Ligand code: NAP
């Protein structure tokens, strides 16, 4: 069984930052990732709020982190973690591809996009319903599409899609967006972005492929169907930490309970980035957590 000083679960910004700090602290680090390295930021075209870097694409940012971590000697393997147990002073990490052992563990599992919870959502997933505008937007060039949500993700998705699609309905359940004022200002200047305020998505229609989104006005109760080929769901995010629930305490929403020191309820297990209980989930805070968690893990190892 492969044994390392520190195993990091998740190769997003927090996980790769932790790997950089662990290697520089003289500890061997292995990062386990279930999909692609980079985490959520690879879906962002323009990163403009990382201090010291005025503009970079999310993909280039993630690639820079990956190259920096691996050049320092961190290993990255692609495997889905299914559980963790404590045995003989080691953290045994079970994956679909076998077991790994480490003296300390950093959980940097991030979050995933929340689903609408509609009956037909699964039916139309990949057939018009998408959770990633930058991944799937190009399939709907010249078509009418919709984005649901009022946060930064939804507004950035709407901006991106406005350059590809014919028309973008931006459906939000309140009369004001939650996104940063700078993002709201940007969509105001986009003629083909049509805000549909005080509305919730209540049904999906189509024969095999999505052809319409039913929205219900929250004030009048009026229903109407927007004729669109795609719905991009951007209604926030949710953690996925069930695999660790036996060892570390989670809050009621499923986030790993850990403070600014990134220490969890279990000695030798640390949580970094969006997966832990915190108020601000940004690239900067994920990177900062990676550093804090790795230095705490290094101190734990002595
Ligand atoms: P978010 O900020 O939590 O916004 C989620 C949006 O979806 C809110 O407008 C919310 O409405 C709405 N919503 C939630 N549940 C819903 C439901 N069941 N039906 C309909 N609407 C629903 O999520 P996010 O936009 O994904 O952003 C997550 C975090 O990442 C935030 O901290 C954000 O600032 C950050 N982020 C930053 C950047 C950037 O800085 N460039 C880019 C993307 C994301 P209400 O407003 O009514 O609650």
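The values are calculated or read from the model by the stated rules, or taken from the named source; none is laboratory data. The structure displayed is predicted, hence computed values, not measured ones. Methodologically, a virtual Cβ is constructed for each residue, glycine included, from the backbone with ideal geometry; neighbour enumeration extends over all protein chains shown.
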Tally of residues being surrounded by fewer than 20 Cβ atoms within 10 Å (Cβ to Cβ) and either within 16 Å of the ligand (Cβ to nearest atom) or in contact (Cβ under 8 Å) with a residue 60 or more places away in the chain (or both) across the stretch 256-265: 0
Residue in the stretch 50-63 that is more than 20 Å from the chain's Cα centre (by Cα), surrounded by fewer than 22 Cβ atoms within 10 Å (Cβ to Cβ), in a strand (DSSP E or B) and without any contact (Cβ under 8 Å) to a residue 12 or more places away in the chain present: yes
Answer from 225, 292 - the residue that is more than 22 Å from residue 33 (Cα to Cα) and out of contact with any helix residue (DSSP H, G or I) (no Cβ under 7 Å at 6 or more places or on another chain): 225
Looking only at the stretch 172-188, and only at residues there that are more than 7 Å from the ligand (Cβ to nearest atom) and out of contact with any helix residue (DSSP H, G or I) (no Cβ under 8 Å at 6 or more places or on another chain), the one that is farthest from residue 217 (Cα to Cα): 182
All positions within the stretch 1-20 that are assigned to a helix (DSSP H, G or I) and touching a strand residue (DSSP E or B) at 6+ places or on another chain (Cβ under 9 Å): 14, 15, 16, 18, 19, 20
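If a residue must be outside any helix (DSSP H, G or I), crowded, with 20+ Cβ neighbours inside 10 Å and touching a strand residue (DSSP E or B) at 6+ places or on another chain (Cβ under 7 Å), how many such residues does the stretch 106-124 contain?
Residues of the stretch 106-124 that are outside any helix (DSSP H, G or I), as a first pass: 106-120.
From what's left, crowded, with 20+ Cβ neighbours inside 10 Å: 106-111.
Narrowing further to those that are touching a strand residue (DSSP E or B) at 6+ places or on another chain (Cβ under 7 Å): 106-109, 111.
Adding up the residues that qualify gives 5.
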Selection within the stretch 196-212 - within 12 Å of the ligand (Cβ to nearest atom) and surrounded by 15 or more Cβ atoms within 10 Å (Cβ to Cβ): 196, 197, 198, 199, 200, 201
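Name the strands (runs of 3 or more DSSP E) wholly within the stretch 215-302 that hold at least 3 residues that are more than 14 Å from the chain's Cα centre (by Cα)?
223-226, 230-233, 269-271
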Single residue of the stretch 156-165 satisfying the filter (surrounded by 15 or more Cβ atoms within 10 Å (Cβ to Cβ) and farther than 13 Å from residue 236 by Cβ) that is nearest to the ligand (Cβ to nearest atom): 156
Matching residues, the stretch 12-49, being closer than 17 Å to residue 77 by Cβ, touching a residue at least 60 places away in the same chain (Cβ under 8 Å) and within 16 Å of the ligand (Cβ to nearest atom): 12, 39
Filter pass, residue 176 being within 18 Å of residue 40 (Cα to Cα) and modelled with pLDDT of 95 or more: no
Any hit, the stretch 133-147, residues being outside any helix (DSSP H, G or I) and in contact with a helix residue (DSSP H, G or I) (Cβ under 8 Å, 6 or more places away or on another chain): yes
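What residue, of 103, 127, is assigned by TED's automatic domain parsing to the domain that holds residue 38, surrounded by fewer than 24 Cβ atoms within 10 Å (Cβ to Cβ), outside any helix (DSSP H, G or I) and more than 16 Å from the ligand (Cβ to nearest atom)?
Values: 127 fails: assigned by TED's automatic domain parsing to the domain that holds residue 38.
Sole residue among the options that is assigned by TED's automatic domain parsing to the domain that holds residue 38, surrounded by fewer than 24 Cβ atoms within 10 Å (Cβ to Cβ), outside any helix (DSSP H, G or I) and more than 16 Å from the ligand (Cβ to nearest atom): 103.
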Given (1) assigned to a helix (DSSP H, G or I); (2) touching a strand residue (DSSP E or B) at 6+ places or on another chain (Cβ under 9 Å); (3) modelled with pLDDT under 95, number of the condition residue 42 does not satisfy: (2)
Conditions (1) away from the ligand (no atom under 16 Å from the Cβ); (2) over 20 Å from residue 41 (Cβ atoms); number of the one not met by residue 68: (2)
Which numbered condition residue 153 fails, given (1) more than 11 Å from the ligand (Cβ to nearest atom); (2) modelled with pLDDT under 95; (3) within 25 Å of residue 41 (Cα to Cα): (1)
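Just to be sure before I move on: is residue 73 in contact with a strand residue (DSSP E or B) (Cβ under 9 Å, 6 or more places away or on another chain) and either surrounded by 15 or more Cβ atoms within 10 Å (Cβ to Cβ) or in the same structural domain as residue 262 (by TED's automatic domain parsing) (or both) in the structure I sent?
Details: in contact with a strand residue (DSSP E or B) (Cβ under 9 Å, 6 or more places away or on another chain): yes; either surrounded by 15 or more Cβ atoms within 10 Å (Cβ to Cβ) or in the same structural domain as residue 262 (by TED's automatic domain parsing) (or both): yes.
When the stated conditions are applied, residue 73 passes them.
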